[in-house]
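Beneath this line is the structure, given in structure tokens, with notes to follow.
The values are calculated or read from the model by the stated rules, or taken from the named source; none is laboratory data. Note that the structure is a prediction, hence the values are computed from the model and not measured. Glycine gets a Cβ as well: all are built from the backbone with ideal geometry, and neighbour counts include every protein chain shown. These area figures cover heavy atoms from the full protein model, side chains too; ligands, DNA and RNA do not enter into them. Shrake-Rupley method; radii C 1.70, N 1.55, O 1.52, S 1.80 Å.
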Amino acid sequence: MSKKLIMSIFSVMLLIGSMQQSFASAGTHYNIRVDGLACPFCAYGIEKKFKKMEGISNIKVDLDNGIVSVDAKDGLVLKEEKLKKLFHDSGFTYRSMKTTPLK
Amino acid sequence: MRTKCLIKPALVLIAGMVSQTAFAHDPIFGQGPHVLFKDGFEVATEVHSSKKGNELENELGLEVKYGITGDWAMGVDLPYEIKADDGNSSSGFGDAAIFTKYRFWRKDTRALQESAAVSLKIISDTGDETQAPALGSGTTDSVVGLSYGYEGRSWYRWASVRYRQNGTNNAGLQRGDKTLLDFVVGWRPNLTGYTEPDMVYLLELNGELGDIATLNGSSVANTGGDEWFISPGFMWTVKNFAVRGGIQLPVVSDLNGSQEKSDYRAKLSFEWHL
């Protein structure tokens, strides 16, 4: 009985542990407000700069709303100063960002 | 005799000698303030064609540009000329050029960018000016410019002024300097997404105000004057590839003396951002 109880508890702990692991490794989704985005040809520089960064995926550009969204792998944090420089070097202006954890 | 031989080929170049360098989402014949993203490269192949009476000039060009910063770019222009005039024809490399543009003001709002830039282009004398028709000007010339642009999702507008200062060749001929004025509107009828093909239609008003040429300080007859063109064009892009083209049609010709008026000028270019 006690062996079964111990095994059950151990299994539950393993399950919880693996769930936490999967949550932790999902990463972060960034929605970034960018001004000056009027034409797709001009926005290519943004995509190119994000692609050079390790751990970045799912790069999307919404020209009408001025939103650039990317997914960053777990442990990668995009700081505001770095984003300001990235968009300035691309020829645009960073305004703000919102983050949500990836599931 | 040698002087006369050098004057006519040099004068033939006067009407067509305008700065054709253009960046990505800039007008076809005018100039806008757009530059290139930092550390980016733009490679463009261009075809120019112009006709003026019996003078026919075709040019194949290769341009390479580099983004020094997000607001400053520079590049080189390597033209190959194919010319015909009065039964003569010639072909070969023309006058290579280097250029730079600095965007000194930018106002970014949502889906809109207004900006202004200054530019400088130095056109060398690498083309052979002794051929008939001449492939080069025989002089080193410079073009300085100031441009403004309003780039929105549906509408564009640009205005620019450029001044071309021409050097003096070995025969003492100085082609008249030129002031170039450009006013452009652009329209994107369909607001496409970032990865979709995108089309913008352009309509330009291009003015060329030319001074009289001088030979050893004396004015040369039948040179100088003004021309204005209406120029419809287009820009088609998909991601980092663009096709741009247009045609200049003269609407006003006020040229001094008995000069041939321009019939047309046309341009088609293919550009890649790398």
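Considering only residues in segment A:82-103 that are assigned to a loop (DSSP other than H, G, I, E, B) and more than 13 Å from every other protein chain (Cβ to nearest Cβ), the one that is most open to solvent (accessible area, probe 1.4 Å) turns out to be A:103.
If the condition is being within 14 Å of another protein chain (Cβ to nearest Cβ), charged (D, E, K, R), part of a loop (DSSP other than H, G, I, E, B) and open to solvent by less than 40 Å² (accessible area, probe 1.4 Å), then segment B:176-201 contributes only B:188.
As a summary of the residue check, residue B:158 satisfies the conditions (1) touching a helix residue (DSSP H, G or I) at 6+ places or on another chain (Cβ under 9 Å); (2) among the hydrophobic types (A, V, I, L, M, F, W, C); (3) open to solvent by less than 20 Å² (accessible area, probe 1.4 Å) except for the one numbered (1).
If you filter segment B:219-262 down to residues that are touching a helix residue (DSSP H, G or I) at 6+ places or on another chain (Cβ under 9 Å) and aliphatic (A, V, I, L, M), you find that the one that is farthest from residue A:45 (Cα to Cα) is B:220. Of the strands (runs of 3 or more DSSP E) lying entirely inside segment B:77-165, those containing at least 1 residues that are charged (D, E, K, R), within 17 Å of the chain's Cα centre (by Cα) and at negative phi span B:97-109, B:112-123, B:141-152, B:155-165. Please report, ordered by residue number, the strands (runs of 3 or more DSSP E) entirely within segment B:209-274 with at least 2 residues that are surrounded by fewer than 21 Cβ atoms within 10 Å (Cβ to Cβ) and hydroxyl-bearing (Ser, Thr, Tyr). Those strands (runs of 3 or more DSSP E) span B:264-273.
Out of A:71, A:35, A:62, one residue alone is surrounded by 15 or more Cβ atoms within 10 Å (Cβ to Cβ) and farther than 25 Å from residue B:190 by Cβ. It is A:71. Residues of segment B:127-136 being closer than 17 Å to residue B:168 by Cβ and buried (at least 17 other Cβ atoms within 10 Å of the Cβ), which ones? B:127, B:129, B:134, B:136 - these are the residues of segment B:127-136 that are closer than 17 Å to residue B:168 by Cβ and buried (at least 17 other Cβ atoms within 10 Å of the Cβ). Evaluate the following for residue A:79: is it in contact (Cβ under 8 Å) with a residue 40 or more places away in the chain, more than 14 Å from chain B (Cβ to nearest Cβ), open to solvent by 40 Å² or more (accessible area, probe 1.4 Å) and of a type in the set (Lys, Arg)? For residue A:79, the condition - in contact (Cβ under 8 Å) with a residue 40 or more places away in the chain, more than 14 Å from chain B (Cβ to nearest Cβ), open to solvent by 40 Å² or more (accessible area, probe 1.4 Å) and of a type in the set (Lys, Arg) - is not met. Check whether at least one residue in segment B:112-120 is within 30 Å of residue B:172 (Cβ to Cβ), open to solvent by 30 Å² or more (accessible area, probe 1.4 Å) and touching a Ser or Thr at 6+ places or on another chain (Cβ under 8 Å), and report yes or no. Yes: one or more hits. Based on this model, can you work out whether residue B:61 counts as more than 14 Å from chain A (Cβ to nearest Cβ) and over 22 Å from residue B:229 (Cβ atoms)? In short, no. With respect to (1) more than 17 Å from the chain's Cα centre (by Cα); (2) within 14 Å of another protein chain (Cβ to nearest Cβ); (3) at pLDDT below 90, the lone exception for residue B:69 is condition (3).
Yes or no, residue by residue, for (1) among the β-branched types (Val, Ile, Thr); (2) within 14 Å of chain A (Cβ to nearest Cβ); (3) open to solvent by 10 Å² or more (accessible area, probe 1.4 Å):
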position	(1), (2), (3)
B:142	no, no, yes
B:149	no, yes, no
B:164	no, no, no
B:169	no, no, yes
B:173	no, no, no
B:207	no, no, no
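So is residue B:239 under 27 Å from residue B:103 (Cα atoms) and of a type in the set (D, E, K, R) or not? Against the criterion (under 27 Å from residue B:103 (Cα atoms) and of a type in the set (D, E, K, R)), residue B:239 qualifies.
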